[in-house]
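**Q** Below are the structure tokens for one structure; questions will follow.
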Amino acid sequence: MAAPRLFPTHSAGKEPARYYSLARYALLDALRLSGVGQGRRVLLPSFICRDLLAPIAMLGATPCWYEVTAGLTAAGSPDTWPEADAVLAVNYFGFPQDLSPFVDYATRTGAGIVEDNAHGYLSRDTKGRWLGTRTPLGLFSLRKTLRIPDGAALLVNDDTLLIGLPEQLPFAGSGVNPAQALKASLRRIPLIGSGLLRIATVLARAVRKQKTGSEIPFSDPLSETQILSSPNPWAGLGKALTHCDGAAEIARRREAYSRCALEGERCGVAPVFSTLPDYCAPYGYPFRSSLSGRAAMQRLADRMGFDLVTWPDLPEAVRTKAPEYYHNVYLINFLW
Ligand SMILES: Cc1ncc(COP(=O)(O)O)c(C=O)c1O
């Protein structure tokens, strides 16, 4: 199958995008292209999902950290950040990260900047630049924007790096999370689809609770060192990307955000971001709140047919030392 095109690109020759099952595999190749290997270091924000450590461990490299502010921008002067071979700039929840400290850091240290846009496929910054295209290497976790069994991409935005880019793996995966295909089919049933999806989700959680004692999957320490699924992208990924109506999806997400922001203000919860910037296609509505505010937002999420989750599952090395504001971020996830 021909590789789907993620964005129109500048590259005249080699296809600059590679597709994977998970963005962790995209990060693995991004780090290799940045010269990371045995004994090297990767600088990443301490407010991050523990899964992201696996590619670093698989390369025999070690993580080092910079902190983020309550507004999820990079904290402190980049002059004080530890030296590393690559640095990760994260567009949290699809909101554009300010890249200037990362550019300063890269100028000082020679580190490669990877724009982690796992949350922000279809999102742009206020200048209209697609997120994931603003630094030499950009990552996408497409499955976080489209309800598909898996899908991720690496975009090489610097032609000099194309030479080291491995060939595209066959689109032969069966899907890391095959249940998403069923859920998407349920959702498409006119009138009753979203109700059926809700029932399926409640049933799946009840079964998991019965089996494991918890409604949500347990946090697994192994996820910091290994990626257990195959890297090949799901066989249906190309079709899903081609069929996605980007403009409608962006509009739907912005409209959902405005509704959540209105209700959030009414129930006194604090949005993580004070405004929704122009062109931003948000992953969801991130907020901080007390338990009672959370309960009100859960009712809103139920009415809108969305999940409410806590984010992130912090790395072991960070969890106990992290500031309070790393522990109280909730997200109404707009996956449809
Ligand atoms: C900021 C960020 N980057 C990358 C990833 C990895 O994405 P994937 O689950 O597709 O490997 C995640 C996943 O949780 C994430 O939150």
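**Q** Against the conditions (1) more than 25 Å from LYS14 (Cα to Cα); (2) within 11 Å of the ligand (Cβ to nearest atom); (3) not charged (D, E, K, R), where does ALA152 fall short? Just the number, please.
**A** (1)
**Q** When you check ARG205 against the structure, is it touching a Leu at 6+ places or on another chain (Cβ under 8 Å) and of a type in the set (Lys, Arg), yes or no?
**A** Criteria not met by ARG205.
**Q** What number goes with the only condition from (1) within 16 Å of the ligand (Cβ to nearest atom); (2) modelled with pLDDT of 95 or more that ASP307 does not pass?
**A** In the conditions (1) within 16 Å of the ligand (Cβ to nearest atom); (2) modelled with pLDDT of 95 or more, ASP307 misses (2) alone.
**Q** Take the range 132-147 and flag every residue that is hydrophobic (A, V, I, L, M, F, W, C) and either surrounded by fewer than 24 Cβ atoms within 10 Å (Cβ to Cβ) or more than 12 Å from the ligand (Cβ to nearest atom) (or both).
**A** LEU137, LEU146
**Q** Would you please list the contacts, defined by Cβ atoms under 9 Å and residues six or more apart or on different chains, that run from a residue in the range 147-175 that is of a type in the set (Gly, Ala, Ser) to a residue that is surrounded by fewer than 18 Cβ atoms within 10 Å (Cβ to Cβ) and outside any loop (DSSP other than H, G, I, E, B)?
**A** GLY164/ARG32; GLY175/ALA181
**Q** Could you run through the range 230-280 and say how many residues are touching a strand residue (DSSP E or B) at 6+ places or on another chain (Cβ under 8 Å) and not in a helix (DSSP H, G or I)?
**A** 13
**Q** I've got another one for you. From ALA2, ALA57, ALA30, which residue is among the small types (Gly, Ala, Ser) and modelled with pLDDT under 95?
**A** ALA2
**Q** Let me spell it out: the conditions are (1) crowded, with 16+ Cβ neighbours inside 10 Å; (2) part of a helix (DSSP H, G or I), and GLY175 meets all of them except one. Which number is the exception?
**A** (2)
**Q** I'd like to know if the range 281-296 contains one or more residues that are assigned to a helix (DSSP H, G or I), under 20 Å from the mean Cα position of the chain (by Cα) and more than 19 Å from PHE95 (Cα to Cα).
**A** Checked the range 281-296: no residue is assigned to a helix (DSSP H, G or I), under 20 Å from the mean Cα position of the chain (by Cα) and more than 19 Å from PHE95 (Cα to Cα).
**Q** State which residue pairs qualify: first residue without any contact (Cβ under 8 Å) to a residue 60 or more places away in the chain and inside the range 96-111, second residue of a type in the set (Ser, Thr, Tyr) in any location, beta carbons under 8 Å apart, and separation of 6 or more residues or different chains.
**A** Taking only residues 6 or more apart or on different chains, the pairs are GLN97/THR73; ASP98/THR73; LEU99/THR135; PRO101/SER77; PHE102/THR135.
**Q** While we're looking at this one, here's another question. Scan the range 52-101 for residues that are part of a helix (DSSP H, G or I), away from the ligand (no atom under 14 Å from the Cβ) and β-branched (Val, Ile, Thr) and jot them down.
**A** THR80
**Q** Residues of the range 37-51 being free of Cβ contacts under 8 Å to residues at least 60 places away in the same chain and either outside any loop (DSSP other than H, G, I, E, B) or within 16 Å of the ligand (Cβ to nearest atom) (or both), which ones?
**A** ARG41, VAL42, LEU44, PRO45
Matching residues to (1) within 23 Å of ASN91 (Cα to Cα); (2) surrounded by 18 or more Cβ atoms within 10 Å (Cβ to Cβ); (3) of a type in the set (Phe, Trp, Tyr); (4) at pLDDT 85 or above:
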| site | (1), (2), (3), (4) |
| --- | --- |
| ASP158 | yes, no, no, yes |
| LYS183 | no, yes, no, yes |
| GLN210 | no, no, no, no |
| SER214 | no, no, no, no |
| GLN226 | no, no, no, yes |
| ASN232 | no, yes, no, yes |
| GLY246 | yes, no, no, yes |
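**Q** Can you tell me which residues in the range 100-159 are out of contact with any helix residue (DSSP H, G or I) (no Cβ under 9 Å at 6 or more places or on another chain) and among the aromatic types (Phe, Trp, Tyr)?
**A** The answer is TRP130, and nothing else.
**Q** I would also like to ask the following. Of all residues in the range 229-244, which are more than 20 Å from the chain's Cα centre (by Cα) and of a type outside the set (Gly, Ala, Ser)?
**A** Scanning the range 229-244 gives LYS239, THR242, HIS243.
**Q** Then there's this: Based on what the data block shows, is ALA181 small (Gly, Ala, Ser), closer than 16 Å to GLY238 by Cα and in a helix (DSSP H, G or I)?
**A** yes
The values are calculated or read from the model by the stated rules, or taken from the named source; none is laboratory data. Everything quoted here is computed from the prediction, not taken from an experiment. FYI the Cβ positions are ideal-geometry reconstructions off the backbone, even for glycines, and counts take in every protein chain you see.
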